[in-house]
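J.: Structure provided below as structure tokens; questions to follow.
The values are calculated or read from the model by the stated rules, or taken from the named source; none is laboratory data. This one's a predicted model, so the numbers in the text were calculated from it and none came from an experiment. Cβ placement follows ideal geometry from the backbone for every residue including glycine, while neighbour counts extend to all protein chains displayed. The protein model used for the area step is the full one, side chains on, heavy atoms only, and it has no ligands, DNA or RNA in it. Shrake-Rupley method; radii C 1.70, N 1.55, O 1.52, S 1.80 Å.
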Amino acid sequence: MQQPVPDSLALCERIATFVREEGLDIQTPFDSDWRKSGVYAVLDCVFSSMAKFESVVQPTLRRFEERSGLRDTPELTFSEFLTYMREDSERRPSVERFALVAAKIFGNRQKIAGRLKAEVAYDVCEFFVHNGYETKANLQRLMEFSETEKRSSLEILVMDRLAGGKPGPDKVRGIGLALGAYLLICLGDTSYVKPDTLLLRRVGEIGEWSPRPGNTTDFQLIRQAITCAGQELGIRPAHLEYLLWKYESQRQK
């Protein structure tokens, strides 16, 4: 029988109680700037899809930094990444070029939606350049909350256009709800949470229900509850999401 969906306030209280009872570390500050550049925020996001962070994502990004010479600094631009991928050409990289960079530079040939992650990352960076943004700092200027829209311009840019559900000129194939949310966090928006498999499992057990992957309604419920619980605990939503994700990740070992 389908379990009833909890309301956001009840789920909020259950999450806060769980954190206290399990003694999760809410004292250690959350590093919201672990990726200094917008480029590496994108790479972190894309290569994290269905991959373990410590054993796959971190080594992949280290290899790219060492072999490409593009360092993770605030000054690194999306255009610099595109130029490197194009091999100084004005044209989009060929299938062969994407395959070469994936194998020899990233050392990672994993795919999303049938496409190499290296190509998906290229498309995300190209999206930002086409919309007039070159750095993480440029994008962070869009983070101010809009009373009219009830969210930030950055959220609209990423979640409605880049990761939006309908195919179109802005939609990047392979970037959906979870990766769009994680990209916002990688860019420094700590008001967001990433609804990946581990978080859904942990919050689902806490709330005694089964949230549906990719379901916008369930995601909004989880986001509201985590935001509420974070306020009660005195930490940001992304910090609380990370603690819940880490708990579940370690439990799976």
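J.: Calculate for the chain the 222 nm mean residue ellipticity that helices alone would give, adding -39,500 (n - 2.57) per DSSP H run of length 4 or more and normalising by residue count, nearest 500 deg cm²/dmol. The partial results should precede the final answer.
T.: Working: 11 runs with 124 residues, N = 253.
Helix contribution divided over all residues of the chain: -15000 deg cm²/dmol.
J.: Quick one: which of 104/171; 52/117; 117/194; 150/194 span more than 21 angstrom between C-alpha atoms?
T.: 104/171
J.: Then there is this: Given R₀ = 41 Å, what would the calculated FRET efficiency be for residue 208 paired with residue 89, taking r from the Cβ atoms and rounding to 0.05?
T.: Working: r = 55 Å, r/R0 = 1.34.
The value I calculate is 0.15.
J.: Peptides 48-55, 220-227: what's the order by average Cβ count within 10 Å, highest mean first?
T.: 220-227, 48-55
J.: With each label point set 7 Å from Cα along the Cα-Cβ vector, what nm distance links residue 71 and residue 5?
T.: About 4.9 nm, to one decimal.
J.: For the range 131-175, what is the accessible area per residue in Å², given a 1.4 Å probe and the full set of protein chains?
T.: On a per-residue basis, the range 131-175 sits at 59 Å².
J.: Express in nm, to one decimal, how much length is gained between residue 36 and residue 55 on full extension, taking 0.36 nm for each residue of separation and deducting their alpha carbon distance.
T.: 4.8 nm
J.: Check the straight Cα-Cα distances from residue 111 and name the aspartates and glutamates below 19 Å, setting aside those fewer than 8 residues away within the same chain.
T.: Answer for residue 111, where 19 Å is the Cα cut-off: 44, 54, 96, 119, 123, 126, 196, listed by chain and number.
J.: In whole percent, how big is the carbon plus sulfur part of the accessible area of the range 1-122, probe 1.4 Å, protein atoms only?
T.: It is 50 percent, rounded to a whole number.
J.: Counting only C-alpha contacts under 8 Å and six or more residues apart, can you give the relative contact order of the chain as a whole percent?
T.: Once normalised by length, the contact order is 25 percent.
J.: Can you classify the range 38-139 as rounded, prolate or oblate using the Cα gyration tensor, where a ≥ b ≥ c are the square roots of its eigenvalues, rounded means a/c under 1.5, and otherwise it's prolate if a/b beats b/c and oblate if not?
T.: Values: a/c = 1.44, a/b = 1.18, b/c = 1.22.
It is rounded, given that a/c, with a ≥ b ≥ c, falls under 1.5.
J.: Here is a further query. Multiplying the sequence separation of residue 144 and residue 103 by 0.36 nm and subtracting their Cα-Cα distance, what value in nm do you get?
T.: Here the segment from residue 144 to residue 103 would lengthen by 10.9 nm.
J.: On a full-extension model of 0.36 nm per residue, what is the gain between residue 13 and residue 153, subtracting their alpha-carbon distance, rounded to one decimal in nm?
T.: On the way: separation 140, 0.36 × 140 = 50.40 nm, distance 3.00 nm.
Gain on extension, residue 13 to residue 153, equals 47.4 nm.
J.: Right, here's the next one. Using a 1.4 Å probe, what is the accessible area per residue for the range 63-116, in Å²?
T.: For the range 63-116, the solvent-accessible area averages 60 Å² per residue.
J.: What residues have an amide H closer than 5 Å to that of residue 152, excluding those fewer than 5 places away on the same chain, when H is modeled at 1.01 Å from N in the peptide plane?
T.: 146
J.: Sort 145-151, 76-82 by the packing proxy (mean of other Cβ within 10 Å over each peptide's residues), most packed first.
T.: 76-82, 145-151
J.: Among the Cys residues of the chain, which have no other cysteine Cβ under 4.7 angstrom away?
T.: Here 45, 125, 186 come out as lacking a disulfide-compatible partner, given the Cβ-Cβ threshold of under 4.7 Å.
J.: Quick one: Debye curve from the alpha-carbon atoms of the chain only, equal weights, vacuum; give me log10 I(q)/I(0) at q = 0.07 Å⁻¹ to two decimals.
T.: Once normalised to I(0) and log-transformed, intensities are -0.24.
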